[in-house]
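What follows is a single structure, written as structure tokens, with notes after it.
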Amino acid sequence: MLTNKGKYGLKAMLHLASLETGGTAMGAEIAAANNIPKKFLDAILLELRNAGMLRSKKGPGGGYALARSPKEIRVGLIIRTLDGPLAPINCASKSAYVPCEDCEDLGSCAVRITMSRVRDAMSEILDRMTLEEMMVFSRTKNPDLMYHI
């Protein structure tokens, strides 16, 4: 499940992607426009900057901006940066695998197999989708028709 941290990070990235090329926005502006607690957003923006997705500038004309074009930033990377692995349970994770203590046969565990398929489906969509594509959804009357598994 996407946490508030991940959701707020996506909203902030979409806000920055909607700016004119070269434009910046202050954290307070992003927070107010998207109904995000500013202190929480500040920590999120710092993580995204440290991951190389944002750049920041202090002083007049400063603020945050995307470090790359919206068509180069994958939604899956944003979510993994803020929320960690996509897998719904640890034993289904590729990057943060932890076996379940109650599982006797990993190879035939129906729960792990099912959650691995869920992880793969989520990854297929989120790692293919760019921030630019996500922006199109806000301008489309029926975005469900645009994107199918």
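Remarks
- Between 0 and 90 degrees, the angle of helix 38-50 with respect to the longest Cα principal axis of the chain falls at about 80 degrees.
- Farthest towards the positive end of the charge dipole of segment 4-66, among the residues L41, A31, G63, is the Cα of L41, using unit charges on the Cβ of Lys, Arg, Asp and Glu.
- Here the chain is scanned for trypsin sites (Lys or Arg not before Pro) in DSSP loops (not H, G, I, E, B) that have at most 15 other Cβ atoms within 10 Å, and the longest stretch holding none of them is 1-57.
- Gyration tensor verdict on segment 4-66 (Cα atoms; rounded if a/c is under 1.5, prolate if a/b is larger than b/c, oblate otherwise): rounded
- With 23 Å as the limit on Cα-Cα distance, the pairs of K7/K58; K5/K39; K38/K71; K11/K94; K11/K39 that go past it are K7/K58; K38/K71; K11/K94.
- Neighbourhood charge, 11 Å Cβ-Cβ cut-off, centred on A65 and excluding it, Lys, Arg +1 and Asp, Glu -1: +3
- With loop membership from DSSP and a limit of 13 other Cβ atoms within 10 Å, the longest segment of the chain without GluC sites (Glu not before Pro) is 21-100.
- Cα-centre dipole for segment 86-145 with unit charges at Cβ (Lys and Arg positive, Asp and Glu negative), debye to 20: 300 debye
- Cβ charges +1 (Lys, Arg) and -1 (Asp, Glu), total dipole of the chain, debye: 660 debye
- Largest mean-square fluctuation among G27, G107, G62, in a Gaussian network model of the chain whose springs join Cα atoms under 10 Å apart, belongs to G107.
- For the chain, the longest principal axis of the C-alpha atoms and the axis of helix 110-128 are separated by about 30°.
- Here the chain is treated as an ellipsoid with the same Cα gyration tensor; its semi-axes, largest first and in whole Å, are 33, 18, 12.
- Working from Cα pairs under 8 Å separated by at least six residues, relative contact order for segment 6-149 is 25 percent.
The numbers here are math on the coordinates, done by the rules we state, and not lab data. Keep in mind that what you see is a predicted model, and the values were worked out from it rather than measured. When we count neighbours, we look across all protein chains shown, and the Cβ atoms used for this are built from the backbone with ideal geometry, even at glycine.
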